Amino acid sequence: MSRGAVIVTGASRGIGEAIARELAGAGYDLALVARSVEPLAALAAELDGETTCLACPGDIADWEDAQRIVGEVHERFGALHGLVNNAGVTRDGLFVRMSPENWQVPIDVNLNGTFYFTRAVSPIMMRQRNGRIVNITSVIGLTGNAGQANYAASKAGIIALTKSVAKELGGRGVTSNAVAPGFIATDMTADLPEKVRAGMLSQIPLKRFGEGKDVAGVVKFLLSPEAAYITGQTLVVDGGMIG
Ligand code: NAP
């Protein structure tokens, strides 16, 4: 039997794909969101079986797409247990040379996209008097980082949004939490120079880079009955990196 429907954004690869696999294994119906149609359709077809898994292509930085996808998913499943705002992008560059356009991209995708989907599911979850919102932020949103002022600001904004939504929707039984990964081996981190990777590894007490499933397990926990009394929190999943 299904444990309820969950929307996962950025599910075409990386951490989002790992989250989708983990949640399908745990018995959730899924709606997977990303812009790339083919990998999304392939993953949805693979996971569709004991529970239902839909591919919902779209751009999270587009309010109309967010409303359309949430509307379709709600109509298909009749209820919505969870939303995992995972999709995200970087546009790294030194602050003194950062163009307004490069500043804007992570804000539009990471922060506005999280707002659009959270805003679209909120009335549904409030009416249900039940719902779980899990936002993937980053340790960079807590610490800041040279070369990532735009990304850091978008991820810090997500933490503030998470806490505000927790306060506003808590009375309706809706929880809102964030997960802050450290260095996770995905496409997003694959292109970093070897020197940078070695430097980061030396700062991780657990002496390995994280994997998507390290984040996915924590997301599964936050969607579970065991996490019913946790809201407004940011759980750091970084192998001890930021201490
Ligand atoms: P990734 O491998 O680059 O995957 C990003 C995912 O987001 C893809 O599925 C991508 O699909 C989707 N996406 C990007 N822009 C989108 C948009 N406008 N609309 C819809 N989907 C979009 O990245 P990842 O490493 O798995 O990162 C996942 C999340 O974890 C991000 O929020 C990232 O900031 C966060 N995070 C990652 C790390 C790390 O070390 N990897 C650390 C901390 C936090 P399409 O391109 O097909 O749209």
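The values are calculated or read from the model by the stated rules, or taken from the named source; none is laboratory data. This one's a predicted model, so the numbers in the text were calculated from it and none came from an experiment. Counting neighbours? That spans all protein chains shown, and the Cβs are built from the backbone with ideal geometry, glycine included. Keep in mind that these areas ignore ligands, DNA and RNA; they rest on the heavy atoms of the full protein, side chains included. Shrake-Rupley method; radii C 1.70, N 1.55, O 1.52, S 1.80 Å.
What to note about this one:
- On a per residue basis, segment 129-243 carries 48 Å² of accessible surface, using protein heavy atoms and a 1.4 Å probe.
- Charge dipole (Cα centre; +1 on Lys/Arg Cβ, -1 on Asp/Glu Cβ; no other charges) of the chain amounts to roughly 780 debye.
- For segment 190-243, the set of trypsin sites (Lys or Arg not before Pro) satisfying both a DSSP loop assignment and a count of at most 14 other C-beta atoms within 10 Å is given as Lys207, Arg208.
- Karplus (6.51, -1.76, 1.60) ³J(HN,Hα), θ = phi - 60°, over segment 12-29, in Hz, Gly and Pro reported as x: 6, 6, x, 4, x, 5, 4, 5, 4, 4, 5, 6, 4, x, 8, x, 8, 6
- Descending by average beta-carbon neighbour count within 10 Å, the peptides 84-90, 36-42 line up as 84-90, 36-42, the highest first.
- Karplus-derived 3J(HN,Hα) values for segment 75-92, using 6.51 cos²θ - 1.76 cosθ + 1.60 with θ = phi - 60°, are 5, 5, 9, x, 7, 9, 7, x, 10, 10, 7, 10, 4, x, 9, 10, 9, 5 Hz; glycine and proline are entered as x.
- Linear extension gain, Arg97 paired with Met1, 0.36 nm per residue minus alpha-carbon span: 29.2 nm
- Each Lys and Arg Cβ is given +1 and each Asp and Glu Cβ -1; about its Cα centre, segment 1-114 then shows a dipole of about 260 debye.
- Projecting the Cα positions of Val219, Asn150, Gly171 onto the charge dipole of segment 132-236 (unit charges on Cβ atoms of Lys, Arg, Asp and Glu, taken about the Cα centre) puts Gly171 furthest along the positive direction.
- Our coupling estimate for segment 208-219, obtained by passing each phi through the Karplus curve with A = 6.51, B = -1.76, C = 1.60 and θ = phi - 60°, is 7, 6, x, 10, x, 5, 5, 7, 4, x, 6, 4 Hz, Gly and Pro reported as x.
- Restricting the GluC sites (Glu not before Pro) of segment 1-90 to loop positions (DSSP other than H, G, I, E, B) with no more than 16 neighbouring Cβ atoms within 10 Å leaves Glu50.
- Percent accessible area from carbon and sulfur atoms, segment 1-107, protein chains only, probe 1.4 Å: 49 percent
- Among Ile69, Ile158, Ile204: highest mean-square fluctuation, GNM of the chain, C-alpha pairs under 10 Å: Ile204
- Local net charge near Val134, Cβ-Cβ under 13 Å (Lys/Arg +1, Asp/Glu -1): +1
- Residues of type aspartates and glutamates that Lys163 reaches as a straight line, Cα spacing below 12 Å, ignoring anything fewer than 8 places off in the same chain: none
- Counting only Cβ charges, +1 for Lys and Arg and -1 for Asp and Glu, the dipole size of segment 99-200 around its Cα centre is about 640 debye.
- Put simply, the amide H of Val237, placed in the peptide plane, has neighbours under 5 Å in Ala180, Gly182, leaving out anything fewer than 5 places away on its chain.
- Residues whose placed amide H lies under 5 Å from that of Leu30, excluding near-sequence neighbours: Val6, Thr52, Cys53, Leu54
- The fraction of accessible area contributed by carbon and sulfur in segment 131-243 is 57 percent, rounded to a whole number (1.4 Å probe; ligands and nucleic acids excluded).
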